[in-house]
Amino acid sequence: MKKLSFAFIAAVMLILAGCSSEGTNHAKDSTSGTDSTKLTVLKVGATPLPHAEILNFIKPELKKEGVDLQVVEFTDYVTPNISLSDKSLDANFFQTKQYLDVMNKERNLGLVAIADIHVEPMGLYSKKIKSIDELKDGDSIAVPNDPSNEGRALLLLQAHGLIKLKDPTSLVSTENDIVENPKKLAIKPLDSALLPKNLSDVTAAVINGNFALEAGLKPQDAVIAEDKTSPYGNWLVVRKDEVNNPAILKLKAALQSQSVKDYIEAHFKGSVIPAF
């Protein structure tokens with residue numbers, strides 16, 4: 001009888017323990033499920049400045065609208081587009097439309113620019129000269145080595161009479177397309193992210209706005225720089241099949257809101273200019 005009672009009690013305890021464990025797991029699943037229905041996760045690739053900062057600024061507002069914005073930072077211009085194309089990201093925000101057009105053509109990515117957010121004036125920076133009149137024969141100028149940005153840098157130099165290009169309007173020109181170079185300037189293509197670090201090794205360098213910002217450089221300090229009418233806006237980019245995704249449309253609206261415009265003007269003080 002004692003053996004029967006003990007066996008019976010043990011069986012009951014096992015059943016109760018099983019019910020208790022099942023109930024706990026169900027509660028966790030239920031909580032997780034509830035959270036996932038409330039917020040739609042959007043992973044957006046961006047370079048740290050100013051793109052990631054702007055995205056982080058709108059995170060609280062998007063959360064109110066049911067979007068969990070997750071910012072993934074990159075320090076190069078190639079990986080964010082590859083990651084968007086292979087669906088590791090839902091969108092990216094770091095590039096000009098001109099650069100995207102070149103990447104789409106070269107790699108058949110099928111990405112679409114859907115919102116022009118801001119302009120980062122590209123500038124010629126130097127630790128050795130304060131005016132282009134101080135450039136001497138044979139001085140070295142570093143430029144970005146990636147598609148469209150090298151052409152953009154060369155167009156800036158051409159606009160100020162330092163060189164002349166075979167096609168004076170082409171955005172995909174390289175140093176090999178220079179047909180006139182009165183001062184015999186040595187044009188040195190370098191990785192865009194490395195230009196600020198190599199500023200001491202050259203006479204001057206044409207630096208993208210985001211990398212200039214990270215290095216503490218401002219367009220006002222540049223020897224020459226693009227003006228506010230620069231056509232090289234930085235765009236929100238998505239895959240073609242995501243253009244009408246409700247969460248993407250909320251992100252687009254937030255990035256082109258008055259609050260973002262005010263934030264850009266107050267926070268970046270001319271180093272970044274709203275494009276809307």
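The values are calculated or read from the model by the stated rules, or taken from the named source; none is laboratory data. The structure presented is a predicted model; accordingly, all values stated were derived computationally and were not measured. Methodologically, a virtual Cβ is constructed for each residue, glycine included, from the backbone with ideal geometry; neighbour enumeration extends over all protein chains shown.
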Single unsatisfied condition, Ala212 versus (1) at pLDDT 95 or above; (2) more than 21 Å from the chain's Cα centre (by Cα); (3) outside the structural domain of Lys63 (by TED's automatic domain parsing) = (2)
Going through the range 78-92 one residue at a time, which ones are of a type in the set (D, E, K, R) and touching a residue at least 40 places away in the same chain (Cβ under 8 Å)?
-> Lys87, Asp90
The lone exception for Leu195 - which of (1) modelled with pLDDT of 95 or more; (2) under 21 Å from the mean Cα position of the chain (by Cα); (3) in the same structural domain as Pro50 (by TED's automatic domain parsing) it fails = (3)
From Asp101, Asp68, Asp116, Asp139, grab the single residue that is over 18 Å from Val238 (Cβ atoms), out of contact with any helix residue (DSSP H, G or I) (no Cβ under 7 Å at 6 or more places or on another chain), touching a residue at least 24 places away in the same chain (Cβ under 8 Å) and surrounded by 14 or more Cβ atoms within 10 Å (Cβ to Cβ).
-> Asp139
Could we say that Asn234 is in contact with an Asp or Glu (Cβ under 8 Å, 6 or more places away or on another chain) and outside any loop (DSSP other than H, G, I, E, B) here?
-> yes
Answer with yes or no whether Tyr263 is buried (at least 18 other Cβ atoms within 10 Å of the Cβ), within 25 Å of Lys43 (Cβ to Cβ) and of a type in the set (Ser, Thr, Tyr).
-> yes
